[in-house]
Amino acid sequence: MSSPRHILTLSCANRPGIVAKVSTALFDGGFNILDAQQFDDTETGNFFMRVVFNPAGPQADIERLGEKFKAIAAGFAMTWSMRPAAQRKRVALMVSRFDHCLVDLLYRWRSGELAMDPVAIIANYPRESYAHIEFGDIPFHYLPITKQTKMEQEARAWELIRSAKADLVILARYMQILSDGFAAKLQGRCVNIHHSFLPGFKGAKPYHQAHQRGVKLIGATAHFVTSDLDEGPIIEQDVERISHRDTPDDLVRKGRDIERRVLARAVANVLEDRVLLNEGKTVVFAE
């Protein structure tokens, strides 16, 4: 039986000695490094690191390591986290009428591809709109949005997210613009899928706009939510080539497929602590 793995992530201003301190702390604590990735951003001067490690012997004590690492982190002014790799993140999913991303994420979760625990589904359409989807024991919450009720319903959504102890919120084609206050509360832990290769065509019918302009590529973008609409740090993108033979319906169909796979890849990376914020961008330590 393999020993339990842990994941350490950190970021700080770059300076000599960071890797040496981290590796020495793990070695002295009785741990073995299984995988290590690092990135020195010479433009911002920031350093990023992700380490997967496990006990090398009976003397290894994760609690003691955590306490020791606090001093190291303070010395370098690090933003850091350390958690068991087997500890699943609790996820709240928000959705509107288009459910293809929601269905895809639930399938990948049930098949074991996404190691997460869905703890809430929040929708602005009633449960009957998703009668074909098996939610099982995942609590479903219907919060219809109007101009008059937007702030009240966002407050309810925030309370649901808090009470469910969600670590991550996924906007699985949730077609509502979040208020600045709500977006601020979700800073760094809310992933959105945008139906365009940003920057690109915005609005209700981006694929129709793309068709009218005769584009040869369509795409999708997964990013962290910020108060700036569709301007958050990008996690994942993909594109697909199209031709003059494709109709708007073809673009919609192909676009939904791109959205599904882009969102799934972004979510998988976030769940595995592979995504670190780098000011207005991200560092993604891919497999």
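Can you name the residue in the stretch 156-189 that is surrounded by fewer than 16 Cβ atoms within 10 Å (Cβ to Cβ) and among the aliphatic types (A, V, I, L, M) and, of all such residues, is farthest from Tyr125 (Cα to Cα)?
Ala184
Being more than 22 Å from Ala85 (Cα to Cα) and either outside any strand (DSSP E or B) or out of contact with any helix residue (DSSP H, G or I) (no Cβ under 8 Å at 6 or more places or on another chain) (or both) is the filter here; which residues of the stretch 1-20 pass it?
Of everything in the stretch 1-20, those that are more than 22 Å from Ala85 (Cα to Cα) and either outside any strand (DSSP E or B) or out of contact with any helix residue (DSSP H, G or I) (no Cβ under 8 Å at 6 or more places or on another chain) (or both) turn out to be Asn14, Arg15, Pro16, Gly17, Ile18, Ala20.
From the list Phe69, Phe39, Phe48, which one is farther than 24 Å from Leu171 by Cα and either β-branched (Val, Ile, Thr) or assigned to a helix (DSSP H, G or I) (or both)?
Of Phe69, Phe39, Phe48, the one residue that is farther than 24 Å from Leu171 by Cα and either β-branched (Val, Ile, Thr) or assigned to a helix (DSSP H, G or I) (or both) is Phe69.
Condition check: loosely packed, with under 15 Cβ neighbours inside 10 Å, under 15 Å from Ala172 (Cα atoms) and not basic (Lys, Arg). Does Tyr125 satisfy that?
no
If you take the residues in the stretch 185-213 that are over 17 Å from the mean Cα position of the chain (by Cα) and part of a helix (DSSP H, G or I), which one is modelled with the highest pLDDT?
Restricting to residues being over 17 Å from the mean Cα position of the chain (by Cα) and part of a helix (DSSP H, G or I), the top hit is His208.
Just for the stretch 225-258: of the residues that are within 19 Å of Arg189 (Cα to Cα) and in contact with a helix residue (DSSP H, G or I) (Cβ under 8 Å, 6 or more places away or on another chain), which one is modelled with the lowest pLDDT?
By that ranking, first place goes to Ser227.
If we scan the stretch 65-75, do we find a residue that is more than 27 Å from the chain's Cα centre (by Cα), aliphatic (A, V, I, L, M) and surrounded by fewer than 12 Cβ atoms within 10 Å (Cβ to Cβ)?
yes
Only residues that are in a helix (DSSP H, G or I) and of a type in the set (A, V, I, L, M): list them for the stretch 226-268, please.
Leu251, Val252, Ile258, Val262, Leu263, Ala264, Ala266, Val267, Ala268
Residue check: is Arg274 surrounded by 15 or more Cβ atoms within 10 Å (Cβ to Cβ) and either within 23 Å of Ile7 (Cβ to Cβ) or hydroxyl-bearing (Ser, Thr, Tyr) (or both)?
yes
Every residue in the stretch 52-110 that is without any contact (Cβ under 8 Å) to a residue 24 or more places away in the chain, basic (Lys, Arg) and closer than 30 Å to Ala157 by Cβ, please.
Once the filter is applied, which keeps residues that are without any contact (Cβ under 8 Å) to a residue 24 or more places away in the chain, basic (Lys, Arg) and closer than 30 Å to Ala157 by Cβ, the stretch 52-110 yields only Arg110.
Matching residues to (1) outside any strand (DSSP E or B); (2) touching a Leu at 6+ places or on another chain (Cβ under 8 Å):
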site: Ala74; (1), (2): yes, no
site: Phe98; (1), (2): yes, no
site: Gly112; (1), (2): yes, no
site: Val119; (1), (2): no, no
site: Glu128; (1), (2): yes, no
site: His141; (1), (2): no, yes
site: Gln148; (1), (2): yes, no
site: Glu152; (1), (2): yes, no
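The values are calculated or read from the model by the stated rules, or taken from the named source; none is laboratory data. A quick note: this is a predicted structure, and the numbers were derived from the prediction, not measured. Because the Cβ atoms are built from the backbone with ideal geometry, glycine has one as well, and the counts that use them run over all protein chains shown.
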